[in-house]
Each structure stands twice: as C-alpha cells, then as structure tokens.
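Since the structure comes first, as structure tokens, the remarks are kept for the end.
Each reported figure results from applying straightforward, stated rules to the coordinates on display, with no laboratory input. All values derive from a computational prediction rather than experimental measurement. Here the Cβ positions follow ideal geometry from the backbone for every residue, glycine too, while neighbour counts run over all protein chains shown.
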Amino acid sequence: MNKTLIACLVTLAFSSAQAGTLLPPGAADQSPTRLVASPLPEGQFERQPVAVAWAMDPAAALAADAPYLAQSREYWSAVDAGELKSGFALTTTAPGALVRISPRDHAKSGAVDPGELRLLRGGQPLAPSAFKRLAGAGELKSAGMDVPEGSLIVQLDDAIGQGRFQLQLTKASGRYLVHVFEPNSDLVLEAQAGRSRLLAGENIEVAASLQKGTSALAGGVMQAQLVSPSGQTWPLQFADGKATGQLPLDADPAPGLWEVQLFAGATSKDGPVQRDARTAIEVSRPTARLGGDYGFDPGAVKFSLPVQVAAPGRYEVRGVLYATSASGESRPVAQAHSANWLEAGERKLDLAFGPGNVPMGYGAPFELRFLELKDQTRMGTLETRELALREAARRPGSRGDTRRER
C-alpha cells in the first residue's frame, strides 16, 4: 500500500472523534434546571466564530475563587437641613473618623462651606482644631475621588478621642448625604454571599455579622435589600445571621452587577452605632445550558460540547485542560476560549486546545476543568463546572496512550 495513504489512514484513525458524557454538576457548580427565551438586547453583535488557546505552566496552582468578603467600617445617612442646623448626631468607635457631607442637590443647596461647619460634644462647640483636615470637592477630585459637587470631607483629630458628637452646618439648605468612615475602628460589618454568581429564579443567601474585634456583637438589628442594575429593589429576609430571598425569574435585563445592601445597628456605651455593607452578585437569565454528551478529537485535543439554546445570541465556552504527567499526576497545561453565534435549538461549541499546547511528557488521561458557558450577548455566566469530564483518549483496541514523548 502507498506509504502516503498509510500515513493518512493512521492520522485519520488517531484523530477520529470519540464520545463521552459530561460528569454531573458538583455542589459548587452552577447549572440551569430550566431555560428562558430572553429577547436580544439592542445593539450590534459579533457573529463570526472566534477561538483562542494558549499553554499554561503545569506547576500553576488553580482553584475556584471564593465569594468576596465585604468588611465595612462605614455608613451613610440621608439628613435634612433642619437636622444639620441643630446638629446631626454621630457616634464614633475609634479616633480619626472621616466624615463627608454632600448636598443631594448642589444647585439648590450650594457647596458645603467649611467655615460654617462645627463639631459639638454634649451641645458644646469644640475648637476648630477638632477637625484635623478639611478638603473640598475640587481637592478630592484632583486626588482621583468621584464625589458629588459641593462635597466637603473632614477628619476628626485623634486628640478628641471617640464617642458621641454633633455635626453642625449652620447655613444648611435642602438635603444632604453624610458618609462616616472609621478606618481605625474594630467594629466591622462582614458580609459574604454563598455564591457570587446566580441564575434568575434561584435563591440568594448572604451571611452577615456585626463584629467587635473577633467576636460577634449581640443585640444588633440587621436589614438587607437586593438592588438590580437599573435600581429596582427587593427586600430580603434576615434571620440566623443570613439575608435570604429569591431572585425574580424575569430578572432585570439591564447590564451590570446586582448588589446586596446590608444595614446594621447596635448600641455602644457612647450611643447607637451603624454600619452599612455592600456586596455584588452576577445574575444571569438562563438562556442556554450544556448538553449531556460531548465529542473528543484526540489528534486535535478538541472537545465538541453540545449546547441547548433557548434564546439566540453569542455564546462562549472556556476551560482548562489538565493532562497526566509521566508520574501520573494531573496538571493544568492549557487554556482555551471559543465563541460563536448560536440560534435556538440543539447546537455545539468546540473547545480546541491543540496538541502544540500539551507539553512534552504529558498526555492522556485528560480532564476538562473550570469549564464555563457564557452568554456574551446578555453578559452573563450560565454554567460552571469545576470538573466537567475525564477523557482517557484511547481508541478501541489500541495499546498505550497519547502522551507526547521527547
């Protein structure tokens, strides 16, 4: 037989696609149980396929990111002119608090005049030196801070200590937002979502605790609400240290992260104290999900992943290829991303790593880890699999594996 023909047949046999089934989702994975036919957002979207892959350092240690832990030493209060004229009460728990006063309507209230701002204790004015430093909106913006026009920030001098004070603005007009930040305080509101990514219709859970040093502060009051990117709000229930609720199935389609806002209050020896915290959550409408079976081309080191699509759009898969070393250890060797426009129905996306990205001495069995399915059109993460599949990459009747040798 012609040698060229033999070589072609060998290559064809080596590259023939194999089939397998995705592993079931793990406890920490995200996987849609139902799909929704969400309309396309306005705008023009790329429809050409794109695929990239690159080699990784097999010694790299990879792990799924834990949800963000918010730690707050601050709070905000909406205050009217009458309260500021008579003296807005605030309790500090450590020296050196920073206080920012911002007019809600600069055109009506004008800029906060530092010459009209006073600090009182027990109704008695303190010396001007009680303010360690002052800065207006111009200085703050020059320093890179995004603050409303007319704002003023002051830092209380360490020498006056902590406790109950009154902040007085003698010529206040309209409404203001007062922001109190205590960088040196050991009173901290901690908040952490159980998952940083959720699908519309799923339950949300955020653990929260008002801490005094290393201990939870008993007897406090906690409230929470969910805020969509467009500003819609939903109250959350708070019990047993957790804020809980259910995301609406017809989730706000506006782009951006959702926010859980928490408000805590407690009583100290000097008076009532407050803390506010915020933590962001990505919420996506479940417009597609991965199917059960996949194809694998060992010659191209390419996975063909079936996607069930309920709403047309541009979808992306990304994942990390783990290969087996000569010592039998599974290590990350390559990462790949692939995106294409998919119409509704049973579709597929190919994730090609390429044999050139598999280092010498590594080969089958392979694992596909940290697999994600994303809806690029609506900017959402639909599915995550920390371990999506294990692939032996051996053909029926073959002896050996596909490990690359020097």
Rel. contact order, % - alpha carbon contacts under 8 angstrom, at least six apart, the chain: 21 percent
Tilt relative to the chain, helix 3-15 - C-alpha long axis, 0 to 90 degrees, to 10: 40 degrees
Stretch gain in nm, segment Thr33-Ala94, where the contour uses 0.36 nm per residue and the Cα spacing is subtracted: 17.1 nm
Residue among Pro114, Gly231, Pro25 farthest towards the positive dipole end of the chain, charges placed on Cβ: Pro25
Hydrodynamic radius (Kirkwood) for the stretch 162-215, which is based on Cα pairs only, to one decimal in Å: 15.5 Å
Eligible lysines near Lys85 by straight Cα distance, threshold 25 Å, same-chain separation 8 or greater: Lys108, Lys132, Lys171
Choice from Gly213, Gly328, Gly144 with maximal GNM fluctuation in the chain (Cα, 10 Å cutoff): Gly144
Viscosity 0.890 mPa s, 25 °C: Kirkwood-radius Stokes-Einstein D of the stretch 194-284 over Cα pairs, µm²/s: 175 µm²/s
Rh by Kirkwood over Cα pairs, then Stokes-Einstein D for the chain at 1.567 mPa s and 4 °C, µm²/s: 51 µm²/s
Quotient of C-alpha Rg and 2.2 N^0.38 Å, computed over the stretch 74-181: 0.98
Test item: Cα-centred dipole of the chain, Lys/Arg +1 and Asp/Glu -1 on Cβ, debye: 540 debye
Charge-dipole axis of the stretch 236-313 as Lys and Arg at +1 and Asp and Glu at -1 on Cβ define it, positive-most pick from Gly292, Thr279, Ala264: Ala264
Antiparallel bridge percentage (DSSP; both residues within the stretch 194-284; nearest 5): 90 percent
Bins of 10 Å, starting at 0 and running to the largest distance - Cα pair percent for the stretch 190-239: 20, 49, 24, 8
Approximate spin-label separation Ser330-Ala111, in nm, with each point projected 7 Å along Cα-to-Cβ: 6.3 nm
Fully extended contour minus Cα-Cα distance, from Ala19 to Arg104, at 0.36 nm per residue: 24.4 nm
Positive-end extreme of charge dipole, the stretch 74-181 - chosen from Gly161, Leu177, Leu98 (charges on Cβ): Gly161
Those lysines that a straight Cα-Cα span of less than 25 Å connects to Lys348, excepting residues fewer than 8 apart in one chain: Lys302, Lys374
Between the stretch 106-157 and the stretch 170-226, the Cα center-to-center distance that results, in Å: 25 Å
Glu259 paired with Tyr68, simple spin-label distance in nm, labels 7 Å along Cα-to-beta-carbon: 1.1 nm
Computed lengthening from Ala60 to Gln246, 0.36 nm per intervening residue step minus Cα-Cα distance: 63.2 nm
Size of charge dipole - the stretch 194-284 - debye, nearest 20, with Cβ of Lys, Arg +1 and Asp, Glu -1, no other charges: 360 debye
Calculated FRET efficiency for the pair Ser173/Ser129, C-beta based, R₀ 25 Å, to 0.05: 0.40
Debye intensity ratio I(q)/I(0), log10, the stretch 249-406, q values 0.16, 0.18 Å⁻¹ (C-alpha model): -0.90, -1.04
